[in-house]
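The structure under discussion appears below in the form of structure tokens.
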Amino acid sequence: MMARVSRRWLPGLALTARLRQEAWPRGLAGSAVSQSSTQTAHQVPGMEYQDAVCTLNTLQTNASALDQVRRERSHPQLQLDAMIGFLERARLGVEDLNCLNIIHVTGTKGKGSTCAFTEQILRGHGFRTGFYSSPHLVQVRERIRINGQPIGKELFTKYFWQVYGRLEETKEAYGGAMPAYFRFLTILAFHVFLQEKVDLAVIEVGIGGAYDCTNIIRKPWVCGISSLGIDHTQILGDTIEKIAWQKGGIFKPGVPAFTVKQPEDAMAVLKDRASEIGCPLRVCPDLKDYQVDHGPLCLGLAGQHQHPNASLALQLSHTWLQKRCSPGESFTSTSVKNTGVLQAPSFKPSSIMVKGLAETNWPGRNQTVTHGAVTYFLDGAHTMRSMQACVSWFSESAAQHERNASGPVARVLLFNATGERDSAALLKLLTPCHFDLAVFCPNITEAITSCNADQQNFNISVEHMLTRCLDNERSWHLHNSLGNSKGPQLLIEKSLPLDQKWKGDTVVFPCILSALQWITQGRDPVVADLANSVLPVKPSVMAKAAPLQSAAEIQVLITGSLHLVGGALKHLDPASSN
């Protein structure tokens, strides 16, 4: 989640002082996070949307919830048992979820995009869709969508208090236990979809599969697994085989499942899991193998890496439609060589499917936003494979934009990474993009009190976030042969030959807004409208902006974290906060 700078974090922050000396002549502004509205909201259902979100945020750091998660980590089955208990306290039963005609999707990379393609296709067929995903970019209600749109603030507030009230009134009988943040949102999503009587629900797994809290689903209509890779190793394991075992945990007896092509070791594990569970598993064909009348299928999401996701979405939606409309039919399949896994047949997508793939929109993933002379390339890549895909997409797309530019173009990287991820390895993949400047900031939207509760994070301190940014800056220096340089240097000069070994300067900012305002140098009218929030920058830092001031256009790649991308979109698309 995003965060804001709050005065309760600031005392004793040497790192903040370091940043103040480097970039700002005065300190960061902030204010204490008020808990008074949260305490009142517990007792008064019907409060405003922000009060509901503030109350939701208390579940991030609920002591009993955190203790429970720690106990369950060594006994993962307890995670599902606890989730079922919370569901029942919210007056829902596991069997109630069967009415949602669920499509359940997991994977390391691309599961959100797969869900977005699938939901768009089935909505195009006239069905009322529910879609549960994570994380959110700007507002938490983005995670729970009806017919492709985040539920409204009034609807979120109404259903939030219904669920929260039921859990609150029963907690004393359960030692004060309340579900943690993601568990609560999962229960809330199920409640919303049941109350709103959706025809189907597309459910994206949070982390893993076997012990993810969404896996209380017993009878999905179809399951999908997108591309697998190494991520969340502390929870899922440190090998592709261990991760594949976790992901295969969403398989259900007799329920058809589809996977994109996987590494051989991962595919072998998925095959064994499917056999043990009694789940018919098929491998999706290449997107080019589908029969279309005029040229290749067009996708609304950019990048070659979206092709397997689109193929998986075609299989999931086709299978769902088959069960809904033609329950007696079944597909023939052929065996894939050397694996024994069945190959799903290609077919001719309907015109609605073709349109659905072309019209799919999934913000923050290979997204391009142009404001005047500034073009933003936003991608929440945070694993090695997704970053490789991001680099490929950005290199091609940025080069195309540069060919149409009116003059010299400056390239800027805005980066942050969170959690256990290897930032240094991710940054190394980005060095071939030849950025003129690399900017680092934490996932803090702005260093003032105006940001909303949707983007607060109480699980990590500002000190830790800033430490990570400084570590990232050092890694970038090392990757670009700046490790032995004696202090800051302006290394991008007008006379620098294109074939000379590239070196780029770096800056660390304490929030996303200040980073964007410095990068754009007043050239983005949307960000410039927020000028009253600008913190003045020292001359030494302004000097580093020379390449930005002399360029005809500026290209900004924002990557490393979906939370960073979401914080940027909050400012680049102010309507997203309404």
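The values are calculated or read from the model by the stated rules, or taken from the named source; none is laboratory data. If you're wondering where the values come from, they're calculated on a predicted model, not measured in any experiment. Ideal geometry is used to build each Cβ from the backbone, glycine not excepted, and the neighbour counts take in all protein chains shown. To get the accessible areas, we keep the full protein, side chains included, count just its heavy atoms, and leave off ligands, DNA and RNA. Shrake-Rupley method; radii C 1.70, N 1.55, O 1.52, S 1.80 Å.
The figures follow:
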item: Segment 356-427 - Debye-derived log10 I(q)/I(0), Cα point model, q = 0.12, 0.27, 0.28 Å⁻¹; result: -0.39, -1.35, -1.39
item: Convex hull of segment 71-141 built on C-alpha atoms - directionally averaged projected area, nm²; result: 6.9 nm²
item: Charge dipole magnitude, Cβ of K and R +1, D and E -1 - segment 124-176, Cα centre, debye nearest 20; result: 240 debye
item: Segment 120-233: C-alpha pair distances exceeding 17 Å, %; result: 60 percent
item: Residue-count net charge about PRO220 - beta-carbon cut-off 12 Å; Lys, Arg +1, Asp, Glu -1; result: +4
item: Vicinal HN-Hα couplings computed from phi for segment 175-188 (Karplus, 6.51 cos²θ - 1.76 cosθ + 1.60; Hz; Gly/Pro x); result: x, x, 5, 10, x, 5, 3, 5, 4, 4, 4, 5, 4, 4
item: Modelled label reach - ARG91, point 7 Å along Cα→Cβ, segment 128-167 residues with backbone N closer than 19 Å; result: 155-167
item: Long-range HN-HN contacts of SER227 with modeled amide H, under 5 Å; result: THR108, LYS109
item: For segment 348-353, Karplus couplings with θ = phi - 60° (6.51, -1.76, 1.60), whole Hz, Gly/Pro x; result: 8, x, 5, 4, 5, 5
item: Burial ranking of peptide ranges 166-177, 554-565 (average Cβ count within 10 Å, highest at the top); result: 554-565, 166-177
item: Antiparallel content of DSSP bridges confined to segment 112-218, in %, to 5; result: 55 percent
item: Set of aspartates and glutamates with alpha-carbon distance to LYS428 below 19 Å, sequence-local pairs under 8 removed; result: ASP231, ASP379, GLU396, GLU420, ASP436, ASP471, GLU473, ASP505
item: Label zone at SER550, where the point sits 7 Å out along the Cα-to-Cβ direction: segment 429-443 residues whose backbone N lies under 18 Å; result: 435-438
item: Full-stretch length increase - THR239, ASP573 - with 0.36 nm per residue and alpha-carbon distance subtracted; result: 116.3 nm
item: Where HIS371, HIS191 fall by accessible area, highest first, once all protein chains stay in place (1.4 Å); result: HIS371, HIS191
item: Above-threshold pairs, the threshold being 22 Å between Cα atoms, out of LYS111/LYS247; LYS111/LYS252; LYS158/LYS247; LYS197/LYS355; LYS219/LYS261; LYS111/LYS261; result: LYS158/LYS247; LYS197/LYS355; LYS219/LYS261
item: Largest-first ordering by accessible area, 1.4 Å probe, given options HIS571, HIS305; result: HIS305, HIS571
